[in-house]
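Down below is the structure, laid out as structure tokens.
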Amino acid sequence: MAEKVSPHRFPWETAIAFGFAVMRLSPAEFWAMTPMELGAAMRAFGHGVHAPPDRGELQSLMQAYPDCSPDLTGIGKMRS
């Protein structure tokens, strides 16, 4: 029976960049880690922990911090 290949590839570029740049590991230290250990370290540093806001949270943020003032009368007018 043929072995199934996962459609999700391991994110080597992200893992290597994180290991060398953020954790400041030497190549020997990086390659000695298992993927599970590296994943745990990445989560400990906060990588991949935060989910994007859902629609309700985004709507609340947009109301609390609008891109422009509620008074839009100055839009399109020439400055003197």
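Annotations for the structure displayed:
- Site pair Leu58 and Met33 shows an inter-label distance of 3.1 nm when each label is modelled 7 Å from Cα along Cα→Cβ.
- Additional length obtainable on full extension of the chain from Phe10 to Ala51, 0.36 nm per residue less Cα span: 12.8 nm
- A cut-off of 5 Å between modelled amide H atoms, ignoring neighbours fewer than 5 places along the same chain, links His47 with no other residue.
- For chymotrypsin sites (Phe, Trp or Tyr not before Pro), the sites in region 4-48 that DSSP calls loop and that have at most 15 other Cβ atoms within 10 Å are Phe45.
Bear in mind these aren't lab numbers, they're just calculated from the coordinates by the rules spelled out. Just so it is clear, the model here is predicted, and its values are computed rather than measured. Glycine gets a Cβ as well: all are built from the backbone with ideal geometry, and neighbour counts include every protein chain shown.
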